[in-house]
Amino acid sequence: MSAQLVAAPAELDFFHSDGIVVTAPMTAFGAYCAMTSVVPGWLAVAFRLRDSISRRFNVAAIHGFSSRSPEQVPVVGELLDFFTVEAIVDQQLVLTSRDTHLAVMVSMDLDEAGQGRQYLRVTTSVQCFNRFGRLYMLPVGKAHGPIVRRMLRNIV
């Protein structure tokens with residue numbers, strides 16, 4: 001399944017994609033639940049710092065990730081942590097977060113990798129609408145890859 005993007009590739013201000021081979025059967029939502037099941041302390045602190053700074057610019061707090069059971073499957077339009085569920089099927093979970101500064105889309109896609117394994121790819125695309133959005137993405141863009149790689153380790 002191909003990843004969904006928040007805008008055409010030429011219009012993106014940020015793009016990151018990473019993935020792993022998954023040996024246990026799971027859905028894309030199950031992978032999200034596993035990834036967000038353990039939030040390292042440094043990431044929880046980063047979310048609090050982000051919320052503290054962003055509040056001064058009238059940006060809504062996101063509070064980070066919460067633990068959720070894979071049996072509590074959301075529906076399109078429902079909030080999942082700080083994201084809105086845009087699409088959900090066994091092989092794909094598409095999440096967005098939009099405000100006046102930027103639009104973020106995370107596409108989690110599972111593809112067959114042979115021998116009963118799957119390949120999970122997490123693709124994040126961002127379109128910035130103004131200077132604040134671009135400034136916000138400077139530190140977030142640098143931290144995003146290590147954060148996703150750390151969260152992917154929760155699946156193994």
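Output the residues belonging to the range 35-50 that are part of a helix (DSSP H, G or I) and of a type outside the set (Val, Ile, Thr). Working first, answer last.
The first filter runs over the range 35-50 and keeps only residues part of a helix (DSSP H, G or I), leaving 35, 41-50.
Residues satisfying the conditions are Met35, Gly41, Trp42, Leu43, Ala44, Ala46, Phe47, Arg48, Leu49, Arg50.
If you check Ala10, Ala60, which single one turns out to be out of contact with any Gly (no Cβ under 9 Å at 6 or more places or on another chain) and surrounded by 11 or more Cβ atoms within 10 Å (Cβ to Cβ)?
Details: Ala10 fails: surrounded by 11 or more Cβ atoms within 10 Å (Cβ to Cβ).
The match here is Ala60.
Residues in the range 102-120 that are crowded, with 19+ Cβ neighbours inside 10 Å and in contact with a Gly (Cβ under 8 Å, 6 or more places away or on another chain): how many?
Qualifying residue count for the region: 2.
Criterion first (within 23 Å of Arg134 (Cβ to Cβ) and modelled with pLDDT under 95) does Phe65 satisfy it?
no
Can you pull out the residues in the range 58-102 that are in a loop (DSSP other than H, G, I, E, B), over 21 Å from Gly41 (Cα atoms) and charged (D, E, K, R)?
Matches in the range 58-102: Glu71, Glu78, Asp90, Asp99.
Answer with yes or no whether Val38 is under 15 Å from the mean Cα position of the chain (by Cα) and more than 29 Å from Gly116 (Cα to Cα).
Working: under 15 Å from the mean Cα position of the chain (by Cα): yes; more than 29 Å from Gly116 (Cα to Cα): no.
In short, no.
The values are calculated or read from the model by the stated rules, or taken from the named source; none is laboratory data. These figures come from a predicted structure and were not determined experimentally. Every residue, glycine among them, receives a Cβ derived from its backbone with ideal geometry; neighbour counts consider all protein chains shown.
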